[in-house]
Amino acid sequence: MTVLSRYLAAAGQLDMFEPAPVFDEFAAPDGSVRAGWSALVEGLEDFAETDLVNATREVSRLLEDDNVTYTPSPNAVVTIADEETGPPASTTTPMPWRLDPVPLVLDEREWAGLEAGVVQRSELLDAIFSDLYGARRLLSRSLLPPAAVLDHDEYLRVLVGNEAVSSQRLFLLAADLGRDASGQWKVMADRTQAPSGAGFAMQNRRVVSRVMPEIYHHAHLHRLTPFFQAMRHALINAAPPHVEDPRVVVLSPGTHSETAFDQAFVASLLGFPLMEGSDLTVRDGKVWTRGLGKLEQVDVILRRVDSSWMDALELRGGSRLGVTGLLECVRQGTVGVVNNLGSGVLENPALLPFLPELCERLLGAPLRLPSVQTWWCGDPASLSHVQTHLDELVIRPISRGHGRSVLGSELDAAQRQRIRDRIAAAPHRFVGQEVLQLSSAPTTERDQLVRRPVVLRSFAVRSGGSYTAMLGGLARVSDEPRQGPMVTSPDGGLAKDVWIVSSGAIPALQVPPTRPEEDRVVLTAGSAAAAMVPRVLSDLFWFGRYAERAEDVLRLVLATRTVALETDLDISDGQALEVLLQALTHVTTTYPGFTRPGREMMPELRSMLLDRQRTGTAAQAIAALSLAAQGVRDQLSEDVWMVMAEIERAMAFLTSAPHDQGLQLADASERVLSGLLALAGIVSENMTRDPGWFMLDSGRGLERALQVVALLRVTLCRQRSVEVDRLVAEAVLTASESIVTFRRRYRGWARTDAVVELLVMDSRNPRSVAYQLLRVQADLRAIPSTSPTARPLRLLDGLIEQLRTTDPLEVTACTDGDRPLLEDFLRGVAAQLGDLSEAIRDQYQQLPPTQQPLWKAGALERGAGGPDGGTP
């Protein structure tokens with residue numbers, strides 16, 4: 001039997017965990033396959049268990065290659081333990097995105113009704129938003145309960161009554177949908193704050209299409225690209241009316257956001273720069289980017305930051321995620337912010353019972369897409385129902401500030417009583433919702449397809465006078481067969497691509513540009529603007545430094561291992577190895593490091609490569625490299641992540657290898673080194689020569705110079721026997737990738753003065769300090785804002801001249817077995833390189849000071865006054 005035939009057979013059997021039969025997305029009650037799945041069935045009819053396993057592995061590999069991650073948040077529905085011990089800690093460690101190779105398939109005829117419902121719901125919520133921040137007739141006429149709206153965290157009173165706010169239409173909406181046992185789709189939650197997941201949906205489509213290309217191309221499948229084209233045009237149209245060439249940015253909370261990948265992916269797909277709050281500032285009632293040497297006005301902000309964090313001046317004091325003074329710019333109409341500030345109030349579950357009547361009044365039509373049954377506790381009859389049926393419902397607060405959702409069936413009698421008391425104290429802050437028995441979809445579990453409950457997130461974006469729905473979406477399935485934990489949120493479990501399948505061929509869709517000057521927007525609003533922002537320049541600078549640092553550590557480890565393999569510890573070879581081991585410790589700062597050559601050497605070498613928690617190791621440098629890359633994802637080629645994934649696989653292989661396998665240590669290290677070299681090639685060939693690239697390249701050059709100087713200080717400043725000096729010098733040249741050049745140029749012994757000349761003074765050697773200084777000098781001069789008299793350039797000029805005029809033979813002279821002049825010379829160069837690094841930071845990467853309020857609450861409580869004794 002194939003995997004599909006097994007699933008169909010199992011679908012006809014009653015699941016002991018299900019209290020009642022549920023709707024199956026694939027199998028009809030008579031055992032046939034539902035409409036729309038035929039193309040998938042034909043492609044999978046010969047799929048055996050091994051094929052399913054291979055497809056799952058290929059999906060995981062492709063997601064790793066693209067570095068698709070998600071940072072889990074605390075569960076939307078808490079368990080008994082959560083309620084007793086408090087909220088689970090939110091982790092900042094990104095987790096690999098998990099995707100099922102088998103998509104969720106919907107027939108286009110069924111989808112047509114669902115799409116119409118999503119579009120209508122978007123128009124309804126848009127009309128409600130306009131009224132809540134405008135005339136507020138819905139509140140004054142009690143069509144919406146004032147207590148449920150006015151006590152919501154995201155109802156921003158400071159924006160009420162401003163025409164620029166109330167007249168702006170909602171930009172992007174999403175609805176979390178579940179299907180009940182009868183097959184009826186119901187909305188479990190509306191997402192209007194800053195809906196996430198559209199980028200994940202497109203990434204899912206790209207991966208599944210590569211894993212199952214024949215099935216994908218033979219299915220008459222609606223594409224996702226038109227939705228993103230519509231999104232781009234809608235963003236441009238969100239600019240103030242007088243702006244001809246709008247500058248659009250995507251505002252992100254940063255790399256630690258739950259959906260950081262989704263934000264960066266959408267920014268890259270749309271062609272707009274990804275910014276953080278510190279990258280923007282307000283001047284003269286307008287929003288500007290903090291570029292080097294100049295400010296550039298921003299006309300549209302696609303925000304992925306919650307409204308209440310968007311302005312520390314008028315909203316949440318102390319917030320570093322938004323832009324101080326932004327609300328005044330919105331009032332004046334100088335910038336368009338989408339989704340609209342304050343739109344999070346529409347996620348209020350207390351609104352759900354009132355939507356059917358509001359739809360009739362505002363749109364003149366019945367609500368096409370019903371919500372899950374919801375009882376607002378501010379209504380006495382609903383409160384009584386919730387208190388009586390508490391164990392059958394999900395209890396949800398109307399906003400995050402009022403607590404978290406609780407699944408009543410998970411509570412014992414005492415816990416339920418505490419929940420009842422909380423509701424009785426402020427009933428208007430809570431709702432009770434039915435536990436929807438979600439439909440099931442075929443889901444991969446090892447070598448078989450199993451039934452798992454599924455939730456669908458559908459998206460709609462503003463398009464002209466109405467909304468355009470994504471012809472697909474983001475589906476999530478639970479890891480467990482039981483119903484319940486996914487009832488209010490699709491954030492957990494396994495993702496699925498969503499296929500909307502037609503019975504015939506689908507013509508190519510094109511969205512015409514809404515403005516003739518739109519082609520110019522790509523030039524003015526692309527990544528070039530972001531590449532001038534100090535935060536981005538800092539991340540790229542350290543990207544280059546960490547890449548070079550990891551490469552240099554690996555080269556030194558491999559050179560040391562080569563000497564170790566050829567060493568007899570009883571003769572001079574052992575002394576040379578001891579010098580190199582000490583060099584490893586001092587160059588990488590992995591103290592205490594090595595004491596002397598011996599049996600503990602291989603574990604220490606492994607630690608220098610693999611220990612991410614140890615400062616100076618290759619693993620630590622690679623982890624820092626990955627973190628820096630995350631912050632500038634929209635600036636980097638997709639190939640960067642593929643190479644980074646290969647590097648991580650090589651590191652994982654070495655981690656799993658036995659500790660005494662020296663050969664595997666070398667093989668894995670060489671694989672990692674090859675990956676780093678490929679990364680350098682990709683960056684060199686694929687990145688535009690903008691300020692960001694020059695800063696990255698200068699970081700590589702500076703780090704290489706620092707590493708060479710540090711290595712020479714440890715290895716060459718003391719005179720040893722001729723044989724030991726020869727072995728050490730050759731290892732140093734090997735680690736510096738200059739041994740071939742040295743042998744070709746200097747045909748005799750590896751003299752110290754010759755090594756110093758080649759690795760420090762020779763400006764023609766790409767591995768020398770002098771070459772790196774000229775490289776950094778050229779990079780900094782290429783950045784438009786650099787003054788000819790800037791401090792970094794002055795430091796470079798002095799250091800370059802010092803190297804040019806230094807005599808290597810004189811500086812390497814020996815005195816009583818030491819080379820004091822060389823030690824002083826290298827120490828001085830290292831100090832000047834450190835000064836250069838700080839000067840580059842101050843000149844190009846200086847972030848604005850942390851914003852502080854004019855007074856602190858603690859000072860006022862103590863009675864502190866202003867300069868004249870009054871209140872500041």
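The table below lists the values:
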{"item": "Any chance Thr255 is polar (S, T, N, Q) and open to solvent by less than 20 Å² (accessible area, probe 1.4 Å)", "result": "no"}
{"item": "Residue within the stretch 61-84 that is over 27 Å from His402 (Cα atoms), at pLDDT 90 or above, in a helix (DSSP H, G or I) and open to solvent by 50 Å² or more (accessible area, probe 1.4 Å) present", "result": "yes"}
{"item": "Helices (runs of 4 or more DSSP H) wholly inside the stretch 582-657 that include at least 2 residues being surrounded by 19 or more Cβ atoms within 10 Å (Cβ to Cβ) and at pLDDT 90 or above", "result": "618-631, 638-656"}
{"item": "Among the residues listed as Glu757, Glu737, the single one being open to solvent by 60 Å² or more (accessible area, probe 1.4 Å) and either among the hydrophobic types (A, V, I, L, M, F, W, C) or in a helix (DSSP H, G or I) (or both)", "result": "Glu757"}
{"item": "Flag if Ala11 is modelled with pLDDT under 75 and open to solvent by less than 60 Å² (accessible area, probe 1.4 Å)", "result": "yes"}
{"item": "Qualifying residue in the stretch 721-733 (condition: of a type in the set (Lys, Arg) and either crowded, with 24+ Cβ neighbours inside 10 Å or not in a loop (DSSP other than H, G, I, E, B) (or both))", "result": "yes"}
{"item": "Residue that is nearest to Ala112 (Cα to Cα) [pool: residues in the stretch 187-219 that are out of contact with any helix residue (DSSP H, G or I) (no Cβ under 7 Å at 6 or more places or on another chain) and surrounded by fewer than 20 Cβ atoms within 10 Å (Cβ to Cβ)]", "result": "His217"}
{"item": "Pick from the stretch 809-844, criterion in contact with a Ser or Thr (Cβ under 8 Å, 6 or more places away or on another chain) and of a type in the set (D, E, K, R), ranking: least open to solvent (accessible area, probe 1.4 Å)", "result": "Arg819"}
{"item": "Residue among Val708, Val683 that is within 35 Å of the chain's Cα centre (by Cα), within 30 Å of Leu793 (Cβ to Cβ) and either surrounded by fewer than 19 Cβ atoms within 10 Å (Cβ to Cβ) or at pLDDT 95 or above (or both)", "result": "Val708"}
{"item": "Residue that is modelled with the highest pLDDT [pool: residues in the stretch 568-581 that are closer than 16 Å to Met602 by Cβ and open to solvent by 30 Å² or more (accessible area, probe 1.4 Å)]", "result": "Glu578"}
{"item": "Answer residue from the stretch 163-178, given it is charged (D, E, K, R) and open to solvent by 10 Å² or more (accessible area, probe 1.4 Å) and is modelled with the highest pLDDT among those", "result": "Arg169"}
{"item": "Options Glu258, Glu244: the member that is over 24 Å from Leu369 (Cα atoms), under 27 Å from the mean Cα position of the chain (by Cα) and acidic (Asp, Glu)", "result": "Glu258"}
{"item": "Residue within the stretch 782-789 that is surrounded by fewer than 23 Cβ atoms within 10 Å (Cβ to Cβ), among the hydrophobic types (A, V, I, L, M, F, W, C), farther than 27 Å from Gly291 by Cβ and in contact (Cβ under 8 Å) with a residue 24 or more places away in the chain present", "result": "no"}
{"item": "Failed criterion for Met695 (all others in (1) among the aliphatic types (A, V, I, L, M); (2) open to solvent by 10 Å² or more (accessible area, probe 1.4 Å); (3) over 20 Å from Leu809 (Cβ atoms) hold)", "result": "(2)"}
{"item": "All positions within the stretch 776-826 that are charged (D, E, K, R), assigned to a helix (DSSP H, G or I) and more than 44 Å from the chain's Cα centre (by Cα)", "result": "Arg804, Glu810, Glu823, Asp824"}
{"item": "Neighbours by Cβ (under 7 Å, 6+ apart or cross-chain): first from the stretch 213-225, without any contact (Cβ under 8 Å) to a residue 24 or more places away in the chain; second of a type in the set (A, V, I, L, M, F, W, C) and in a helix (DSSP H, G or I)", "result": "Tyr216/Val208"}
{"item": "Selected residue [in contact (Cβ under 8 Å) with a residue 12 or more places away in the chain, touching a helix residue (DSSP H, G or I) at 6+ places or on another chain (Cβ under 6 Å) and β-branched (Val, Ile, Thr)] from Val249, Val287", "result": "Val287"}
{"item": "Close pairs from the stretch 387-401: first farther than 27 Å from Arg191 by Cβ, partner open to solvent by 10 Å² or more (accessible area, probe 1.4 Å) and not in a strand (DSSP E or B), Cβ under 6 Å, at least 6 apart", "result": "Gln387/Arg420; Asp391/Ser409"}
{"item": "Pair list, Cβ < 8 Å and 6+ apart or interchain, from the stretch 146-163 residues that are free of Cβ contacts under 8 Å to residues at least 60 places away in the same chain and among the aliphatic types (A, V, I, L, M) to residues that are buried (at least 20 other Cβ atoms within 10 Å of the Cβ) and part of a helix (DSSP H, G or I)", "result": "Val160/Leu132"}
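Quick grid of which residues meet (1) at pLDDT 95 or above; (2) under 30 Å from Asp842 (Cβ atoms); (3) buried (at least 17 other Cβ atoms within 10 Å of the Cβ):
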position: Arg451; (1), (2), (3): no, no, yes
position: Ser458; (1), (2), (3): yes, no, yes
position: Val498; (1), (2), (3): yes, no, yes
position: Ala547; (1), (2), (3): yes, yes, yes
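The rows are residues; the columns are (1) part of a loop (DSSP other than H, G, I, E, B); (2) free of Cβ contacts under 8 Å to residues at least 12 places away in the same chain.
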residue	(1), (2)
Ile236	no, no
Pro241	yes, yes
Glu244	yes, no
Ala267	no, no
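The values are calculated or read from the model by the stated rules, or taken from the named source; none is laboratory data. In this text the structure is predicted, and so the values were computed from the model without any measurement. Neighbour counts run over all protein chains shown; Cβ positions are idealised from the backbone, glycine included. For accessibility, only protein heavy atoms count, side chains too; no ligands or nucleic acids. Shrake-Rupley method; radii C 1.70, N 1.55, O 1.52, S 1.80 Å.
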